[in-house]
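See below for the structure under consideration.
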Amino acid sequence: MKILSGKTALVTGSTSGIGLGIAQELAAQGAHVMLNGFGKPDEIETLRTDIEKAHGVRALYNPADMSKPDQIAAMVDECTKTLGGVDVLVNNAGIQFVSPIEDFPPEKWDAIVAINLSSAFHTIRAALPGMKAKKWGRIINIASAHGLVASPFKSAYVAAKHGLVGLTKTVALEVATDGVTCNAICPGYVNTPLVQGQIKDQAKTHNIPEDRVISEIILKAQPTRQFVEVTDLAALTTFLCTDAARNITGAALPVDGGWTVQ
Ligand code: NAD
């Protein structure tokens, strides 16, 4: 029997990057999964059916925009009705925007706070009653090294990720006797489309090739000088779902090649 047989996982922002890798791994561990995120409908359908075929689980897709509380509530409701609940909730959807604060567009601030922080409040409040009723649940918030330390020009992202770490701690305390844990994973740089956008922008700004941006700017923060892999984050997510991890709650777990210990 697999670790998550009979359980259901909802992973927000799982049509790409870290969220997709986590959804695939949770399915490999036996969970039915609900995918969410943006993308081309035919590509998303391929991702969905590939998961079903590879792992013999059900995989559904819900297109909820994570900046819209009513759509989030409807997605949790659909997951509960069609897949039997939300046993594992991974709050992963996120966006980035980089700018000095004086030029930071207020609408970008609002979007980042909504998608990277408030969406987790909305999913958690909707999913918790079901977890409490079953006396089992795992909430995993994909924060960032930027939930623990700051970098310039990322005001909204750093504020939202610090907020997500705070939300994680609060929820952990509220549900500590309910069989539910709530933790944050704080990755360093992972080579996903989100970071590839930053690499392209920096290459233009500094007029240097992308490989120099990677070695001289992006990975400068990371003592290992290597990207964190999506599989590293998926493996930790799976561990947090095991019984062995039942006393890990309220933690902000860095997976950052040593970035935040400097
Ligand atoms: P990504 O761009 O590859 O994936 C982001 C996902 O979120 C996609 O599926 C996208 O469709 C979805 N999404 C974006 N806006 C959405 C919205 N309004 N509603 C629903 N879905 C939406 O990025 P990624 O690097 O895989 O990032 C995933 C998470 O990991 C983010 O929260 C990010 O902040 C965090 N993170 C990433 C890194 C990194 O280096 N890549 C480091 C630390 C933390």
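Table for the structure above
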item: Condition broken by W136, with the remaining ones in (1) out of contact with any Pro (no Cβ under 9 Å at 6 or more places or on another chain); (2) under 29 Å from G258 (Cα atoms) satisfied; result: (2)
item: Filtered residues of the stretch 103-142 (kept if within 15 Å of the ligand (Cβ to nearest atom) and not in a helix (DSSP H, G or I)); result: I139, I140, N141, I142
item: Spans of helices (runs of 4 or more DSSP H) in the stretch 151-232 with at least 3 residues under 20 Å from S16 (Cα atoms); result: 193-206
item: In the stretch 146-188, the residues that are away from the ligand (no atom under 16 Å from the Cβ) and charged (D, E, K, R); result: K169, E174, D178
item: Answer from T15, T80 - the residue that is of a type outside the set (A, V, I, L, M, F, W, C), under 16 Å from the mean Cα position of the chain (by Cα) and assigned by TED's automatic domain parsing to the domain that holds K135; result: T15
item: The stretch 89-102, residues that are among the β-branched types (V, I, T) and within 16 Å of the ligand (Cβ to nearest atom); result: V90, I95, V98
item: Some residue of the stretch 32-53 being over 29 Å from A160 (Cα atoms) and touching a His at 6+ places or on another chain (Cβ under 6 Å); result: no
item: Within the stretch 233-250, tally of residues that are within 19 Å of the chain's Cα centre (by Cα) and over 23 Å from L20 (Cα atoms); result: 3
item: Cβ-Cβ under 8 Å pairs, at least 6 apart or on other chains, the stretch 117-137 side in the same structural domain as I95 (by TED's automatic domain parsing), far side of a type in the set (D, E) and surrounded by fewer than 21 Cβ atoms within 10 Å (Cβ to Cβ); result: A126/D77; M131/D178; K132/D178; K135/D178; G137/D178
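Per-residue answers, yes or no, for (1) assigned by TED's automatic domain parsing to the domain that holds G13; (2) surrounded by fewer than 19 Cβ atoms within 10 Å (Cβ to Cβ); (3) closer than 25 Å to I140 by Cα:
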residue	(1), (2), (3)
E174	yes, yes, yes
D178	yes, yes, yes
S215	no, yes, no
T237	yes, no, yes
L240	yes, no, yes
R246	yes, yes, yes
G250	yes, yes, yes
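The values are calculated or read from the model by the stated rules, or taken from the named source; none is laboratory data. Please read these numbers as outputs of a predicted model, since none were measured by experiment. Don't worry about glycine lacking a Cβ; one is built from the backbone with ideal geometry, like all the others, and counts go over all protein chains shown.
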